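Below: the structure, in structure tokens.
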Amino acid sequence: MQRRTFLKTSAAVLSVRNVFAQSAPDWGGPVLDTHLHLRTDPDACFTHTRGCGVTNAVLLTRATDEDKAKQEMAKRPGVFVRSVATDPAQAGADEVIRKAVHEGAVSVGELKYHLALDSPEMRRIYDICAEMRVPVMMHIQSFPHFRGELPYNTGYPQFDKVLRAYPRTNFIGHADLFWAHISADVPTDRGYPSGAIKPGGLTDRFLSDYPNLYADMSANSGNNALSRDKDFSREFIVRHRTKLIFGSDCSCTDGKGGGISQGRNPEASRLAGQCVARATLGLLKEITSPEIFRQITWSNGQRMFKVNA
């Protein structure tokens, strides 16, 4: 083979390998996405997981969409499990959740409603989760993503009272305010703070003090919190290595950043055009050891959501 032909052939092979790596990254083992919302076209969930190198996922499912989730699980055996979510303030919410868990739902959430964390409605959910031994995932947000948006799951500064009152309930915190409180300095004029993190934040303290609190690293909120001050994050991750759970909460279409990502949240434009799963997995690869990476991306979530390898 002539030298020129050999070089062209070698370049072509490398190009194919690079394209393949981009389309299906290898994260060194199984990866569980604990925050993948069920989509209108259920096949789109599988497309996303394969595009970003995720092997398994928890389909966050509204009670009204349970049949769709069951169909997707049956179509992809061993790939998906499902949660259940319904408005705790609606009549019959208790029985809706109990029925779904009896039929196979492995968690409750994401709960994203305009209620206080210590409200009677939410407390009933905590009791059910303790009774049925499933975790509850909550979206904790105060700053609006768009004009007129109201806060979700208010009262986070006093959340320690709930954590003490429900020691048999496993709580999974998520979203803007939860992750803003990784720092002791939390601005009120934006949802995603930037710059150096001041030690002593509520979320850091709550994770240390309460064995029943876990942290969902998904969305721009989790990615932003862990990327804004990497020196702090390296120690934070080591400190809470058994409490951190990988999730994406990504709305891209293909697991590569295609389609509209972060579309209704202009403040999260830093991740526009990217796959949040890829971005956060890449960040974790950068700032953690392989052992801790495996804990966060598989072991912790696999144990919490009872996912089979």
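Odds and ends about this structure:
- The one condition from (1) farther than 26 Å from Y126 by Cβ; (2) in contact (Cβ under 8 Å) with a residue 60 or more places away in the chain; (3) of a type outside the set (V, I, T) that A219 does not meet is (1).
- Members of the stretch 76-101 found to be without any contact (Cβ under 8 Å) to a residue 24 or more places away in the chain, in a loop (DSSP other than H, G, I, E, B) and within 24 Å of L117 (Cβ to Cβ), listed by number: Q90, A91, G92
- Any chance L177 is assigned to a helix (DSSP H, G or I) and either farther than 20 Å from T242 by Cα or touching a Cys at 6+ places or on another chain (Cβ under 6 Å) (or both): yes
- The single condition from (1) farther than 25 Å from H145 by Cβ; (2) touching a helix residue (DSSP H, G or I) at 6+ places or on another chain (Cβ under 6 Å) that S227 fails is (1).
- Residue pairs whose Cβ atoms lie under 8 Å apart, separated by 6 or more positions or on different chains, with the first residue in the stretch 117-132 and touching a residue at least 60 places away in the same chain (Cβ under 8 Å) and the second outside any helix (DSSP H, G or I) and of a type in the set (D, E), do not occur.
- Test result for F236, under 23 Å from L32 (Cα atoms), of a type in the set (F, W, Y) and in a helix (DSSP H, G or I): yes
- Test: residue in the stretch 83-101 that is surrounded by fewer than 22 Cβ atoms within 10 Å (Cβ to Cβ), at pLDDT 95 or above and among the basic types (K, R): yes
- Selection of the stretch 41-75 for residues being closer than 22 Å to Y113 by Cα and assigned to a helix (DSSP H, G or I) yields A63, T64, D65, E66, A69.
- Residue within the stretch 161-172 that is surrounded by 24 or more Cβ atoms within 10 Å (Cβ to Cβ), closer than 18 Å to M217 by Cα and not polar (S, T, N, Q) present: yes
- Test: M138 is under 20 Å from the mean Cα position of the chain (by Cα), outside any loop (DSSP other than H, G, I, E, B) and at pLDDT 95 or above: yes
- For the stretch 139-158, a residue qualifies if it is hydrophobic (A, V, I, L, M, F, W, C) and touching a Phe, Trp or Tyr at 6+ places or on another chain (Cβ under 7 Å), and exactly one does: I140.
- Members of the stretch 269-309 that are within 17 Å of P30 (Cβ to Cβ) and in a loop (DSSP other than H, G, I, E, B): T288, K306, V307, N308, A309
- Residue list for the stretch 228-247, filter: crowded, with 17+ Cβ neighbours inside 10 Å and among the β-branched types (V, I, T): I237, I245
- In the set G109, G104, only one residue is touching a strand residue (DSSP E or B) at 6+ places or on another chain (Cβ under 8 Å), in a loop (DSSP other than H, G, I, E, B) and either modelled with pLDDT of 95 or more or surrounded by fewer than 23 Cβ atoms within 10 Å (Cβ to Cβ) (or both); that residue is G104.
- You will find that of A277, A225, the residue that is hydrophobic (A, V, I, L, M, F, W, C), crowded, with 23+ Cβ neighbours inside 10 Å and in contact with a strand residue (DSSP E or B) (Cβ under 8 Å, 6 or more places away or on another chain) is A277 and no other.
- Residue, nearest to D185 (Cα to Cα), within the stretch 196-223, restricted to residues that are part of a helix (DSSP H, G or I) and more than 13 Å from the chain's Cα centre (by Cα): L202
- Filtering the stretch 203-212 for residues that are buried (at least 21 other Cβ atoms within 10 Å of the Cβ), β-branched (V, I, T), in contact with a strand residue (DSSP E or B) (Cβ under 8 Å, 6 or more places away or on another chain) and in contact (Cβ under 8 Å) with a residue 60 or more places away in the chain leaves an empty set.
The values are calculated or read from the model by the stated rules, or taken from the named source; none is laboratory data. In this text the structure is predicted, and so the values were computed from the model without any measurement. Counting neighbours? That spans all protein chains shown, and the Cβs are built from the backbone with ideal geometry, glycine included.
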